[in-house]
1. Report every pair of residues separated by at least 6 positions or lying on different chains whose Cβ atoms are under 7 Å apart, first residue within segment 63-91 and open to solvent by 70 Å² or more (accessible area, probe 1.4 Å), second assigned to a helix (DSSP H, G or I) and hydrophobic (A, V, I, L, M, F, W, C).
2. Can you list the helices (runs of 4 or more DSSP H) lying wholly within segment 65-130 that have 3 or more residues being within 24 Å of VAL163 (Cβ to Cβ), at pLDDT 95 or above and among the charged types (D, E, K, R)?
3. For residues in segment 113-145 being of a type in the set (D, E, K, R) and closer than 18 Å to SER43 by Cβ, which is surrounded by the fewest Cβ atoms within 10 Å (Cβ to Cβ)?
4. What number goes with the only condition from (1) touching a Pro at 6+ places or on another chain (Cβ under 9 Å); (2) at pLDDT below 95; (3) among the aliphatic types (A, V, I, L, M) that MET45 does not pass?
5. Looking at segment 92-112, which of its residues are open to solvent by 10 Å² or more (accessible area, probe 1.4 Å) and closer than 14 Å to GLN36 by Cβ?
Amino acid sequence: LAFLSLALRCQGKYEEALTYSQKAVRLNPNDDTNWQMLGDCYSAMRNRQSEARRAYAQAAKEVERQLQVNETDGPSWMLLALYHVKSGVPTDALTLVRKADSLGAADMESQLSKVRILELTGNRNQALSTLKMCFERGADDRQLALFPDMQAFRKDQRYRQLVASRSSSADPNHKT
């Protein structure tokens, strides 16, 4: 259901996506990613920001439960940081990012979440340098296209230059 929601959201069918996200939450309310998808749906919709913040806050609660079982799960700490920012409580986000990094949250999904966290907390230069590392490891700019909260970031000239340099270095016909 979450994947159907994501596919529909990518097509701009937010009301339909919302329906699937709500069903996913009902079927498995302990899964933080279901709450995240619900928050992402609400975020993409007009006048639904308070509902989005509540969904992200619930996602944070679910991750906090997981972290009580495994405090060394770096990627979960990164998600917790993202959920705090998205729920409107960004004060400890950068501390959580440092903790996640110290616990090995080096996977691509965690690092792309880090880009979002850095951007949303006003640390665009760090977000850009983290994204550059992600691109060097094979990330694609389309991975950020799914997030409405990254629109201003994607309009930044430095972001566009990063994407252009990645595209040209990936082109086998490109001469340097």
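1. Between residues of segment 63-91 that are open to solvent by 70 Å² or more (accessible area, probe 1.4 Å) and residues that are assigned to a helix (DSSP H, G or I) and hydrophobic (A, V, I, L, M, F, W, C), the close pairs are GLU64/LEU80.
2. By residue number, 108-120.
3. Keep residues of segment 113-145 that are of a type in the set (D, E, K, R), which gives 114, 116, 119, 124, 132, 136-137, 140-142.
Within this subset, residues satisfying the condition of being closer than 18 Å to SER43 by Cβ are 116, 119.
On the way: ARG116: 22, GLU119: 25.
Filtering first and then ranking leaves ARG116.
4. The failed condition is (1).
5. Result: GLU109, LEU112.
The values are calculated or read from the model by the stated rules, or taken from the named source; none is laboratory data. Small disclaimer: the values here were computed from a predicted structure and weren't measured. Every residue, glycine among them, receives a Cβ derived from its backbone with ideal geometry; neighbour counts consider all protein chains shown. Heavy atoms of the whole protein, side chains included, go into the accessibility calculation; ligands, DNA and RNA do not. Shrake-Rupley method; radii C 1.70, N 1.55, O 1.52, S 1.80 Å.
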